[in-house]
Amino acid sequence: MKNKTWLIIGAIVLLVVIYFFGTYNNFVNGREAINGQWAQVEAQYQRRLDLIPNLVNSVKGAMKQEQQVFDAIAEARTKYGAAATVDQKAAAAGQIETAFGRLLAIMENYPQLKSIDTVQTLMVQLEGTENRVSVERQRFNDSVRSFNAMTKRFPSNIVAGIFGFSAREYFEAQAGSENAPSVQF
């Protein structure tokens, strides 16, 4: 009978030890999941920092090139309208032809003028980037929620207290983030 009692006590102690190790390992896995998910959030922030300025500059460049052609055409038309002599009109007409030549070269290289496409591409990339950031933030908060619940539930809260695991902070938007960012050209 004594052997059975010691066997039962030993089994209970073994189960408690296994539970403590298992719960400790769950906390380690949860902490690492949170750290890994935050790294994903930071990766998306870095993607945003790398991508957006380059896209904006690309759009600026495309719009500038096309704007220069349209400005040259408008200027030549104005000069032609203001021309008083045949030589002035011929010079203005030459400027119009040069501007049209540049426009035709652009249109040959780009079947349709690309400013609108580049702006649309920018908008799609901005939206996609912000969606990626949002998804990674949500995944981070989900990991934090799961970990925090584990630190507060009984009996895992005992293991958390013994080994120093404490609740983590959720990602929260900063004040003013409810206002849309502005993109300027």
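The values are calculated or read from the model by the stated rules, or taken from the named source; none is laboratory data. Everything numeric here is computed off the predicted structure, so don't read it as measured data. Using ideal geometry, Cβ is built from the backbone for each residue, glycine included, and neighbour counts are taken over all protein chains shown.
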> Since residue 44 meets every condition but one in (1) modelled with pLDDT under 70; (2) surrounded by 16 or more Cβ atoms within 10 Å (Cβ to Cβ); (3) not small (Gly, Ala, Ser), which condition does it not meet?
Replying inline: (1)
> What helices (runs of 4 or more DSSP H), lying completely within the stretch 68-185, carry at least 3 residues that are modelled with pLDDT of 75 or more and β-branched (Val, Ile, Thr)?
Replying inline: 115-152, 156-163
> When the stretch 153-168 is examined, which residues are found to be among the small types (Gly, Ala, Ser) and closer than 21 Å to residue 139 by Cα?
Replying inline: 166, 167
> Within the stretch 11-41, can you find the residues that are closer than 13 Å to residue 139 by Cβ, out of contact with any Lys or Arg (no Cβ under 8 Å at 6 or more places or on another chain) and surrounded by 15 or more Cβ atoms within 10 Å (Cβ to Cβ)?
Replying inline: 33, 38
